[in-house]
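The structure appears right after this line, and notes come after that.
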C-alpha cells in the first residue's frame, strides 16, 4: 500500500482485531528460516521448539493493543492467514461494521472467560456469523 492510501476493509478489520496475534487463537506462528533474522532485526523475539524450528510465540511482542506494529513486514504465515470472519468480509457476506461488531463481542467474551466456542466458530472453524 502506498503512503497516504486508504486501508482496505480487511486491513482495517485485522488491525483492529489482533485475536490471531494475542494468543486467543494460536500459541505460535510458523516461520520461514529467512524470517527469523528479519524479526530479530526488528526487535521481535522468536522461540526455538524442541524440534529445533523457530516460531513466533503468541502473544506476539509486535502487537500493541490490537495493532501489529510490523504489519507491512509481518511473517508470511501471518500475512497469508485469513480467519473465517475475514473471509466472510472479503466475500461480502458481512460488512466491515458487522465484522467489527463480531470482534467486539469476541473481546467481551474473552474478558469474561466464555470465548472458546465463539472463537472456534467465528474465527477458526465453520462459517456462521451472528
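Residues considered: 63, 12, 31, 56. Of these, the only one that is within 28 Å of residue 122 (Cα to Cα) and in the same structural domain as residue 119 (by TED's automatic domain parsing) is 12. Scan the range 94-106 for residues that are within 16 Å of the chain's Cα centre (by Cα) and crowded, with 16+ Cβ neighbours inside 10 Å and the total you get is 5. Considered as a group, the residues in the range 58-77 that are surrounded by fewer than 16 Cβ atoms within 10 Å (Cβ to Cβ) and in a strand (DSSP E or B) include one that is modelled with the lowest pLDDT, and that residue is 67. Selection of the range 79-94 for residues being under 13 Å from residue 11 (Cβ atoms) and part of a helix (DSSP H, G or I) yields 79, 86, 89, 90. Residues that are buried (at least 19 other Cβ atoms within 10 Å of the Cβ), in a strand (DSSP E or B), at pLDDT 95 or above and over 12 Å from the mean Cα position of the chain (by Cα): does the range 43-52 have at least one? Scanning the range 43-52 turns up no residue that is buried (at least 19 other Cβ atoms within 10 Å of the Cβ), in a strand (DSSP E or B), at pLDDT 95 or above and over 12 Å from the mean Cα position of the chain (by Cα).
The values are calculated or read from the model by the stated rules, or taken from the named source; none is laboratory data. For clarity, every value in this text was computed on a predicted model and none was experimentally measured. Reconstructed Cβ throughout: ideal geometry from the backbone, glycine too, with neighbour counts over all protein chains shown.
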